[in-house]
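All remarks here apply to the structure that follows.
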Amino acid sequence: MRIRPRPYSSILRERGDRLFSRSLWSHFGRTTLYQLPLRKGLVVFALMAPGSSVASDSASFRYNWAGLYLGANLGAAFPLHPGEHLQALSGFGSPIYDLYPASATRPGATAGLSAGFNWQKGQWVWGLETELDLLDGRHGPNGVFPASPVYTGLPIFTLSTNASSNYFASFRGRVGVAYDRALAYLTGGVASGGARGPAFLSFGGGADFSASWSQSSRMKFVAGIGFEYAFAANWSARAEYLFLSQSMNTQIFDNGAGFDYASRLRNENHVFRMGFNFHFGDENRIPGSIEYGRQSDRDREDKAGREEQYSVHGQSTTVAQAYPKFRAFYDGPLSLPSKGLGDVLTTNSLFLGVRLWEGGAAYVNPEADLGYGLANSVGVASYVDGVAQKLGRAAPYMRFERYFLRQIIGLDSGGDLYHDPDEGSRSEVLESVQNQVSGKVDRDRIIVTLGKFAVGDVFDDNVYAHDPTTGFLNFAFNNMGAFDYAADSWGYTYGLAAEWKQSWWTARAGAFQLSTVPNGPIIEPELFRQYMAVTEFEARYELFGRPGAVKFLLYGDNGRFARLQDVVGLAYATGDFPPDAASLRRRHFKTGGGINIKQEIADGVGFFARASAADGRYETIEYTDVDRQISAGFVLDGKLWGREDDEIGVAGALSGLSGSHVQYFALGGTGIYVGDGALAYSGEKILENYYKLSFGKNLDATLDYQLVINPAFNSSRGPGNVFGLRLRAAF
């Protein structure tokens, strides 16, 4: 057994004849070595099992709160505003028509799971935590209710609500003071949940009202205080109070004849709960999992990295974009406003991963967003900001963008897994990066990913152009423009992907759920009712001694969406303009595909290119309004001019539409990003270049410029000049 004691300065010194202990431990499996100084010149060593402690009333132990922890909790929630009120709006003209159904809201139990990461300096402890909890007690009224107590002319009414407010999630910061095994802390952050689903109101005489999902008008947040005590080496118990505000939720009931009701509910709770946390500690490695042979530990770690128990990373990205006034004969419903505009948005993400078993790990990514993409994410098919979500908000809000399992299955039959991968060995090293737990894996392997994630996490990757938080911002350079992949309005969905990686090639295939309606915020809940199938083949090669790769991708969307020629024909037949694609959505199958190339040109110089096409007879389902596109560019590494972490990128793209799409938009139809009634159609052209100025590995600022010619395929508008500043900080 190899013992690596801490510096002597960390040992508690003797005070008189009293016994003190200090853990000078290193792991051998899960065994802990304690060094107990008794008197001068006398030292006792003890091997302790996991979770055990030194059994002495006079012994003290300084607990280390740093590192990853996972927890579970159970408690109770007490609502502050249990009343229900349906306010009569347009068409009624008087509050005597208001309705007061009996409330179903009551105190209820809460239970959930959490994950977090702590840093510690002295007695101060701070960190980040995320959670997902069931919240019983918040139910919408259902049943038959008497008429308004003020106006007896109304009959009884029936109210049916689809309540989905029985959960809450949060993304919080924590700061506290530790007293050895005890920790007192404050916590606060952004929350989610509390929305109500579609509802139905009826008076029995044909006056039927329906309501879609409730909308929140304010920030959802959580704040509280807690106490935590470590009762074993890896375990702690906590007691916590939280004030949970899930905003003012508004739901509009409309009968389609000019009469409306509004339900407004302030969704706030006092939450009291207790829980347990398991702490992985800051010594983030697999104990005893690597045999180093004759070389020293440090030499081996420097060469091959180390196997992690968990992975914790975070990133905050802020993008500010603006453009001056440009030439335009008119502005349409989904146009870039021609008088000029500026917008700012911020995304803050935490990337947590835990190794579950050999080759298997679980990952979760809570994210807090604030602000809008330029022009609220419309006006350009090759949209100018890949960081922006399609649904911007003025108040911060949080979501779990990813939660998935990943299993790596090695295919090598034998051999030393710890040879240098550059020497053609049977293994290679996975780095410690976002959503990846580092360690050794077989070079030939199968990778299976299941859960909620982005299709682009697995498919259509390119080392030179794929991540808008670090490289090009424009859509055209980070994905194939005609790759109409499955996603909700934020770009994520549920799916299963498998990758088979061999020495010079990789084959990938996957199936993913489409959203319930094209470009919708809700993912199809029924498995394979609306879905996308995708496959990709990658071949790696060397060209003049420089590495490169080419990928061929095919996909098919199977779901309910419209054939554009049918939509245009119906508009002419009925005289109802602009044409509405939603009226003719039927089951169809849309296909497409493309090619993706990456090639090193010289040291520090990379080239990329993509070309893609889709079946333009159908409306755009999820990604963007492009039926064919070609893009290419270069990326230059700052090593070329003595700035190792800086980067320059320059690229251009050409995008086009099918005849059906052109006719649909010319008649005033709207898509996802495009829809301004272009009478003078022309291909959309994009030029982007950026300079990324780095202040270390994890802090950088990027100056970005984009020239947009024929925005939204409209030669009557533009060109536009979009200037951007991106700030990124990560750990």
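The values are calculated or read from the model by the stated rules, or taken from the named source; none is laboratory data. Only a predicted model underlies this, so the values are computations on that prediction, with no experimental measurement involved. Please note: Cβ atoms are built from the backbone with ideal geometry, for glycine as well, and neighbour counts cover all protein chains shown. Accessible surface areas use protein heavy atoms only, side chains included; no ligands, DNA or RNA. Shrake-Rupley method; radii C 1.70, N 1.55, O 1.52, S 1.80 Å.
Quick one: which strands (runs of 3 or more DSSP E) lie wholly within the stretch 102-167 and hold at least 2 residues that are modelled with pLDDT under 85?
Because the criterion is at least 2 residues that are modelled with pLDDT under 85, the strands (runs of 3 or more DSSP E) in the stretch 102-167 that meet it are 157-163.
Within the set of pairs 6 or more residues apart or between chains, which connect a residue that is under 20 Å from G314 (Cα atoms) inside the stretch 101-121 to a residue that is outside any strand (DSSP E or B) and of a type outside the set (G, A, S) with Cβ atoms less than 6 Å apart?
N118/W65; Q120/W65
Going through the stretch 338-383 one residue at a time, which ones are closer than 15 Å to G724 by Cα, open to solvent by less than 30 Å² (accessible area, probe 1.4 Å) and in contact with a Phe, Trp or Tyr (Cβ under 7 Å, 6 or more places away or on another chain)?
Result: G340, L345, S377, Y383.
Taking G642 and the conditions (1) farther than 20 Å from D580 by Cβ; (2) out of contact with any strand residue (DSSP E or B) (no Cβ under 9 Å at 6 or more places or on another chain); (3) surrounded by 23 or more Cβ atoms within 10 Å (Cβ to Cβ), which numbered condition does it fall short on, given that it satisfies the others?
G642 satisfies all of (1) farther than 20 Å from D580 by Cβ; (2) out of contact with any strand residue (DSSP E or B) (no Cβ under 9 Å at 6 or more places or on another chain); (3) surrounded by 23 or more Cβ atoms within 10 Å (Cβ to Cβ) except (3).
What pairs come up if the first residue lies in the stretch 334-345 and is among the hydroxyl-bearing types (S, T, Y), the second is in a loop (DSSP other than H, G, I, E, B) and buried (at least 19 other Cβ atoms within 10 Å of the Cβ), and their beta carbons are under 8 Å apart, counting only those six or more places apart or on different chains?
Listed by first residue and then by second, the contacts come to S335/V378; S335/G379; S335/D676.
Scanning for something open to solvent by 50 Å² or more (accessible area, probe 1.4 Å) and either of a type outside the set (A, V, I, L, M) or part of a loop (DSSP other than H, G, I, E, B) (or both), does the stretch 468-488 turn up at least one residue?
Checked against the condition, which is being open to solvent by 50 Å² or more (accessible area, probe 1.4 Å) and either of a type outside the set (A, V, I, L, M) or part of a loop (DSSP other than H, G, I, E, B) (or both), the stretch 468-488 yields no hits at all.
Can you find even one residue in the stretch 687-709 that is part of a helix (DSSP H, G or I), over 24 Å from G373 (Cα atoms), open to solvent by 40 Å² or more (accessible area, probe 1.4 Å) and free of Cβ contacts under 8 Å to residues at least 24 places away in the same chain?
no
Within the set of pairs 6 or more residues apart or between chains, which connect a residue that is more than 12 Å from L341 (Cα to Cα) inside the stretch 373-384 to a residue that is among the acidic types (D, E) and open to solvent by less than 10 Å² (accessible area, probe 1.4 Å) with Cβ atoms less than 7 Å apart?
Once the first residue is more than 12 Å from L341 (Cα to Cα) and sits in the stretch 373-384, its partners that are among the acidic types (D, E) and open to solvent by less than 10 Å² (accessible area, probe 1.4 Å) give A381/D625; A381/E684; S382/E684.
So which of F253, F221, F231, F227 ends up being among the aromatic types (F, W, Y), open to solvent by less than 70 Å² (accessible area, probe 1.4 Å) and in contact (Cβ under 8 Å) with a residue 24 or more places away in the chain?
Just a single option satisfies the conditions, and that option is F253.
In the stretch 551-567, which residues are surrounded by fewer than 20 Cβ atoms within 10 Å (Cβ to Cβ), touching a Phe, Trp or Tyr at 6+ places or on another chain (Cβ under 7 Å) and of a type outside the set (K, R)?
F552, G556, N558
Would you mind finding the one in R508, R540 that is part of a strand (DSSP E or B), farther than 30 Å from S214 by Cβ, open to solvent by 40 Å² or more (accessible area, probe 1.4 Å) and among the basic types (K, R)?
R540
Of G594, G606, G548, G520, which residue is open to solvent by less than 20 Å² (accessible area, probe 1.4 Å), within 26 Å of K452 (Cα to Cα) and part of a strand (DSSP E or B)?
G594
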